[in-house]
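One structure below.
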Amino acid sequence: MTMKHGLLPEDRSQDHGAVHEASTVASLLDVLGDATRLAILRHLHGGEHRVVELTEHLGLAQSTVSQHLAILRSAGLISSHSHGRANVSRIENPEAIEQVLAAAESLSAIIASDSSGPSGQDGRDGRDKEPL
């Protein structure tokens, strides 16, 4: 009997390529799964920033910001160009990234409201759940 679960049009009994097919999305979600990188993307969504501006906005060390920018750049989420001696970063595909972040925040809020009991606490460990 074929089971339907909504993730695939139908269950595949021999779906050995499923993990490989999901690896690209998993890699992107791994990059997006860091709070510092999400904050950087939010700042870049407002326009181009120099590294020094991001360090001032976020209160982080220049080396930390530069490392996160390199990860975002290698994932294709941002690009950089030189402007004099400064390196300026900008977001690529801002509308698509905004949709992904909005969907993640929406899902986080749904999960938080579904898992909170009448007291507003998560039933598993007693701590309040916070959205992204």
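Just so you know, all these numbers are worked out from the coordinates, no wet-lab data involved. No experiment lies behind these values; they were computed from the predicted model shown. Reconstructed Cβ throughout: ideal geometry from the backbone, glycine too, with neighbour counts over all protein chains shown.
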Residues whose built amide H sits under 5 Å from the amide H of Asn87, excluding neighbours closer than 5 in sequence, are Val51
Virtual spin-label span in nm between Val100 and Asp15, 7 Å along Cα→Cβ | 2.2 nm
Provide the per-residue ³J(HN,Hα) series for region 64-77, in order, calculated from phi with Karplus coefficients 6.51, -1.76, 1.60 and θ = phi - 60°, each as a whole number of Hz, with x at glycine and proline positions.
-> 5, 4, 4, 5, 5, 4, 4, 5, 4, 5, 5, 7, x, 7
How do 49-55, 24-30, 85-91 rank on mean C-beta neighbours within 10 Å, highest first?
-> 49-55, 85-91, 24-30
Rounded to one decimal in nm, the spacing of the 7 Å Cα→Cβ label points at Ala109 and Gln67 is 3.3 nm
For region 93-109, Karplus-derived ³J(HN,Hα) couplings (6.51, -1.76, 1.60; θ = phi - 60°; whole Hz; x for glycine and proline) come out as 6, x, 5, 5, 5, 4, 5, 5, 5, 5, 5, 5, 5, 5, 4, 4, 5
With θ set to phi - 60°, apply the Karplus curve 6.51 cos²θ - 1.76 cosθ + 1.60 along region 80-87 and write out the HN-Hα couplings as whole Hz, x wherever there is a Gly or Pro.
-> 9, 8, 8, 10, x, 8, 8, 9
